[in-house]
Every structure is written in structure tokens, then in C-alpha cells.
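Contents: one structure, followed by commentary.
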Amino acid sequence: MNKTENWDLVIEGKTSLFDLKFKDVWRYRDLLYMFVKRDFISFYKQTILGPAWFFIQPIFTTIVFTFVFGNLAGLGTDGLPQPLFYMAGITAWNYFADCINKTSTVFNTNKAIFGKVYFPRLIMPLSIVVSNLVKFSVQFLLFAFMMLYFYINEANFQITWVALLFPYLLLLMALLGLGLGLIISAMTTKYKDLSFLVSFGVQLLMYGTTVIYPLSEVKNKFGDYAGFIEYNPMTFIIESFRYAFLGAGQFSIQGLVYTTIVSILLFLLGVITFNKVEKNFVDTI
């Protein structure tokens, strides 16, 4: 007599291209937590200052930007105090940049474990995005203390209703960074020299957003030629972030819809590409 066999997990070599495997990710959510904990501990375990680097990097970057772009170059800041303006842009940009940089090398840095044991490979880049939230939270706290300092000194800024959309803006940053990182990670399995261009390319991309200058100044000086910067999804996120907490910047519902569509499309494209490559990347990496 034949008995029906019910399996908890079935591993198949061939699956649909559009099978995003989100159910498998949810089933392995405990593993996701373990990887997040591992990323945080391993990165700062052998450092002298430890998590203090979360504060040091944005503080020194803000000082340099204030001196170079604010004082020497004389770029405007929409009437905001220069340190507050640059800290807002740096806080948002650092999270997005970290998501891309660390996700783009996920195949190369984890090829040993990928070749030994099965688990949904998407867990690894997701753990990077989640663990980066710890760093972002610390830097956002630093930004909040800076806001308090300038508020006590009667600086001209205000928190607007858009601050209620802050979790949504953070989600858009995560989707953008994860989507682009997954696409680049998949490409580096075949074109290994691409990994050397990622950090440099992300750094250049920062100058194509409004981290160091406001969108209003770009439009006034360059007019129609500012289209690349204006339609960069991160530009809208950073402008909205400043408008939410400082009352300066440009926010629009149309921009929110545009950024949402681009973020979702890049994320889905990244997941599809990642899932396709992870089936046989061990043979090519």
C-alpha cells in the first residue's frame, strides 16, 4: 500500500523565472536574524572604537562638506544651517550607499557557505539591508541631536507633516539599494572587474544627487540640463527627507509616485536576476 509522503521542504533545480521565493525567506526568518547579528558583531568586534565609528564618519564628512562646498565653493543650502543641511543628506545617502556596496559583493564574500549548505540565498542580501538599519538609526539619532542644538540656538527650520512618511522613505531607500545591489552582484559573477567599480561609481553617483546642494539651486543654474539630477530617485528621497525634518527642499506627490514605481521595478528586477544567477553561480565564480 502506497503512502502519500508530505515533505516540509522540496529543493528543485528548475523553477519559474518569476518565482521570487518570498515564502522560503519567511520560513528562514530566524536565519535572517542570525545573519544580522553576525554582521553587526563581526564588523566591529576587532575595532578599537567599535560602534563609535557610526558617529565619527558622518561628523567628519559633515565638517569637510561644510568647509569645501559650503564655504569654499559657496553652494547654497536653501537657507538652512550648513551642518544641518549636509548631515541630512549624508544620513540618507549613507544608508543607500551601504546597501549597494555590501549587497553587490554578496556572491563573492559568501561563496564558501553558498557552496556547502542550502538556504534561500536572498536571506543574505536582506540581512545586509536590515543590519544597515542599525547604523542608520544611530546616525539619525545624531542628526536629531544636531536638530535640537540648532533649535535651541533659534535656527530657521521646522518639522513638517511629511515626517509621517519617514518610514516609507526609508523603505524606498532600502528597495533602491537592495535592487541595484542585487543586479550588480549578479553581474559580478561573470564580470569580476565590475566589483572594483562599484565603490567608485556609488561615490560619483552621490554628486548626481542633492547631498551637497539643493535641487532649487540646480534648477536655477542649469535649467533643463538638471533633468538627470531631478529624475534620480535618490534626489527625491533626500529632498523629501530634508523637507520632512527641516522644512526646506522640494516634495511632491508626483515625485513620490515616480520614486515608488522605480524602486519597486528595480527591486523586482534585482530579485529575478539574483534568483536566476544563484542557481549556477558556483560554477562561474
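The values are calculated or read from the model by the stated rules, or taken from the named source; none is laboratory data. Being a predicted model, the structure only gives us computed values, none of them experimental. Cβ coordinates were reconstructed from backbone atoms using ideal geometry, including for glycine residues, and neighbour counts include every protein chain displayed.
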- Determine, yes or no, whether Met147 is assigned to a helix (DSSP H, G or I) and either closer than 18 Å to Asp78 by Cα or among the charged types (D, E, K, R) (or both). yes
- closer than 30 Å to Ser195 by Cβ, assigned to a helix (DSSP H, G or I) and free of Cβ contacts under 8 Å to residues at least 60 places away in the same chain, is that true of Val129? yes
- Task: State yes or no: is Glu230 in contact (Cβ under 8 Å) with a residue 12 or more places away in the chain, among the charged types (D, E, K, R) and closer than 30 Å to Thr273 by Cβ?
- Result: yes
- The condition of being closer than 30 Å to Tyr118 by Cα, out of contact with any strand residue (DSSP E or B) (no Cβ under 8 Å at 6 or more places or on another chain) and charged (D, E, K, R) holds, among Lys219, Lys190, only for Lys190
- Message: Return the residues of region 114-153 that are touching a Lys or Arg at 6+ places or on another chain (Cβ under 7 Å) and farther than 16 Å from Ser104 by Cβ; say none if nothing qualifies.
- Response: Pro120
- Item | Among the residues listed as Thr91, Thr105, Thr62, Thr66, the single one being modelled with pLDDT of 75 or more, farther than 22 Å from Leu133 by Cα, of a type in the set (Val, Ile, Thr) and surrounded by 13 or more Cβ atoms within 10 Å (Cβ to Cβ) | Thr66
- Message: For a quick check of your reading of the model, give me the residue pairs whose first member lies in region 52-67 and is of a type in the set (Phe, Trp, Tyr), whose second is crowded, with 19+ Cβ neighbours inside 10 Å and not in a helix (DSSP H, G or I), with beta-carbon atoms closer than 7 Å and at least 6 apart or on different chains.
- Response: Phe65/Ile212
- Message: On the basis of being at negative phi and modelled with pLDDT under 80, does Lys135 make the cut?
- Response: no
- Item | Matching entry among Leu84, Leu75 (being assigned to a loop (DSSP other than H, G, I, E, B) and under 14 Å from Val211 (Cβ atoms)) | Leu75
- Message: Against the definition (modelled with pLDDT under 80 and either under 25 Å from Trp93 (Cβ atoms) or aromatic (Phe, Trp, Tyr) (or both)), how does Ser42 come out, yes or no?
- Response: yes
- Condition test on Leu176, is it hydrophobic (A, V, I, L, M, F, W, C) and either touching a strand residue (DSSP E or B) at 6+ places or on another chain (Cβ under 7 Å) or surrounded by fewer than 21 Cβ atoms within 10 Å (Cβ to Cβ) (or both)? no
- Query: What single numbered condition from (1) modelled with pLDDT under 85; (2) over 19 Å from the mean Cα position of the chain (by Cα) fails to hold for Leu197?
  - Reply: (2)
- Can you find even one residue in region 197-211 that is without any contact (Cβ under 8 Å) to a residue 60 or more places away in the chain, touching a Leu at 6+ places or on another chain (Cβ under 6 Å) and assigned to a loop (DSSP other than H, G, I, E, B)? no
- Task: Scan region 156-196 residue by residue and report those that are small (Gly, Ala, Ser) and either assigned to a loop (DSSP other than H, G, I, E, B) or under 25 Å from Thr105 (Cα atoms) (or both).
- Result: Ala174, Gly177, Gly179, Gly181, Ser185, Ala186, Ser195
